[in-house]
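J.: Quick one: the structure is below, questions incoming.
Computed from the coordinates by the stated procedures, all read-outs in this text should not be read as laboratory data. Predicted model, so just to flag it, every value in this text is computed and none were measured. Backbone-built Cβ (ideal geometry, glycine too); neighbour counts: all protein chains shown.
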Amino acid sequence: MTVAGMMREVLRLLKKSTAEHAEIKITLEQLGLLLVIFSSENEVIQQDLACSMGKDKSAILRTIDMIESKELVKRVSDTTDRRKKYLMITKKGERVIEQYLEIELELTTELQKGLTEEEMATFYKVVNHIKDKAKTI
């Protein structure tokens, strides 16, 4: 199996698990955006998300509109520049993130069954090597 094939299969399982167990249904792209906002140490400006996620501005704005309509984030205007909008995770958004992370943890635990700690350490070493190499290409 190729790396791409493995990634597709894991994503398929993640989509299936979240569809079956999540209270509020969001796409993995919406989840990714929520996680970027949630884990950011600085205030998140919606125009900066396009660059950080490698997407065009219109795609990011559509995704923001979708998660805002589900009350998972809110836009807050800058006090000095009303054109600048900050994104903040709502309490409901935090609960959704927690739920999706629990589902991911359960899936990861299930996928790792039957593997030793040494095998997992080797796997992560290889994955990190590929990730680091990809950054230099």
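J.: With each run of n ≥ 4 DSSP H residues scored as -39500 (n - 2.57), what mean residue ellipticity at 222 nm is computed for the chain after dividing by its residue count and rounding to the nearest 500 deg cm²/dmol?
T.: When only DSSP H runs of four or more count, the value is -22500 deg cm²/dmol.
J.: Under a Cβ-only charge scheme (Lys and Arg +1, Asp and Glu -1), can you give me the dipole magnitude of the chain about the Cα centre, in debye to the nearest 20?
T.: 660
J.: Can you run phi through the Karplus equation (6.51, -1.76, 1.60; θ = phi - 60°) for segment 80-90 and list ³J(HN,Hα) in whole Hz, with x for Gly and Pro?
T.: Those phi angles translate into 9, 9, 5, 6, 8, 10, 9, 10, 10, 6, 8 Hz.
J.: Counting pairs of alpha carbon atoms under 8 Å apart in space and at least six apart in sequence, what relative contact order in percent does segment 26-101 give?
T.: Relative contact order, segment 26-101: 34 percent.
J.: Can you tell me how segment 78-137 classifies by the Cα gyration tensor, rounded, prolate or oblate, using a/c under 1.5 as the rounded cut?
T.: oblate
J.: Now for a separate question. Please enumerate, by chain and number, the lysines with C-alpha under 30 Å from the C-alpha of Lys113, excluding those fewer than 8 residues away in the same chain.
T.: Output for Lys113: Lys15, Lys16, Lys25, Lys125, Lys131, Lys133.
J.: Enumerate lysine pairs in segment 26-101 that are 8 or more residues apart or on different chains, then count those whose Cα atoms are under 21 Å apart.
T.: Eligible lysine pairs with Cα atoms under 21 Å apart amount to 14.
J.: Taking N as the number of residues in segment 26-101, what is its Cα Rg relative to 2.2 N^0.38 Å?
T.: 1.02
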